[in-house]
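The values are calculated or read from the model by the stated rules, or taken from the named source; none is laboratory data. What you are looking at is a predicted structure, and each value in this text was computed from that prediction instead of being measured. Because the Cβ atoms are built from the backbone with ideal geometry, glycine has one as well, and the counts that use them run over all protein chains shown. Side chains included, ligands, DNA and RNA excluded: accessible areas come from the protein's heavy atoms. Shrake-Rupley method; radii C 1.70, N 1.55, O 1.52, S 1.80 Å.
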Amino acid sequence: MQPGNRDKAQTQFETQGTLPKPGSIGRFVRLGWGVFLLWSFVNVVQQWQTLVSLETLPHWSFLVIALFTASKVFPYVITIGLGFNSYYKPLSYGLIVMNLVGTGLSWLMAGNLWSPLMGWFVGIWFLYTIGHLGVSFLLSSVLSTPGCEMRSIPQLWSILMHQETKEHFCPGHIDAVDRWEMNLKKKS
């Protein structure tokens with residue numbers, strides 16, 4: 001199946017060796033994302049006490065952008081990264097429901113849409129998402145993981161266990177970077 005001809009929200013795993021390994025540019029992009037995400041992870045940990053002690057909804061525009069972005073990639077972290085053959089929408093809806101429950105509990109307990117409880121929930125979810133992605137990007141740059149960086153942890157596990165693993169096209173921009181680099185090599 002060609003990258004542009006698939007439903008990117010559905011996980012479709014390919015047999016090992018189906019997808020081409022990334023070249024040096026693709027690996028460098030993965031390394032950059034890994035460093036950025038792990039730097040973000042460290043910053044959230046450093047701001048942890050502030051995040052979990054807030055009693056009103058934070059007005060940080062960076063936080064809103066970061067949470068929106070993380071909510072878009074979280075279903076992929078679960079489906080592709082952990083290898084569940086599922087669809088994107090149920091996980092997205094589940095995340096929305098969990099946030100609504102957390103917001104409702106915050107309202108009942110503290111009279112606000114945001115409370116320390118919500119700070120803990122959002123903080124743990126956000127740290128897991130960017131931590132998993134950051135480690136995956138770093139590993140994929142080292143292991144030259146074909147396709148999606150989210151398959152790098154299963155790839156490492158398969159190397160250690162001497163087993164085959166499944167590959168997956170990247171539903172994000174990494175696929176485009178790898179195709180662009182392959183086209184550059186073909187022209188040379």
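Kindly indicate the residue of region 73-96 that is modelled with pLDDT of 75 or more and of a type in the set (A, V, I, L, M, F, W, C) and also most open to solvent (accessible area, probe 1.4 Å) among those meeting that condition.
If we take residues in region 73-96 being modelled with pLDDT of 75 or more and of a type in the set (A, V, I, L, M, F, W, C), then L82 is most open to solvent (accessible area, probe 1.4 Å).
So, in region 120-135, exactly how many residues are at pLDDT 90 or above and within 29 Å of T103 (Cβ to Cβ)?
Pass one, region 120-135, residues at pLDDT 90 or above: 127-135.
Subsequent filtering for residues that are within 29 Å of T103 (Cβ to Cβ) retains 127-134.
Result for region 120-135: 8.
Are there helices (runs of 4 or more DSSP H) fully within region 105-188 with at least 2 residues that are under 23 Å from V29 (Cα atoms) and open to solvent by less than 20 Å² (accessible area, probe 1.4 Å)? List them. I'd like the intermediate steps shown before the answer.
On the way: elements: 116-143, 152-161, 174-187.
Once the helices (runs of 4 or more DSSP H) in region 105-188 are filtered for at least 2 residues that are under 23 Å from V29 (Cα atoms) and open to solvent by less than 20 Å² (accessible area, probe 1.4 Å), what remains is 116-143, 174-187.
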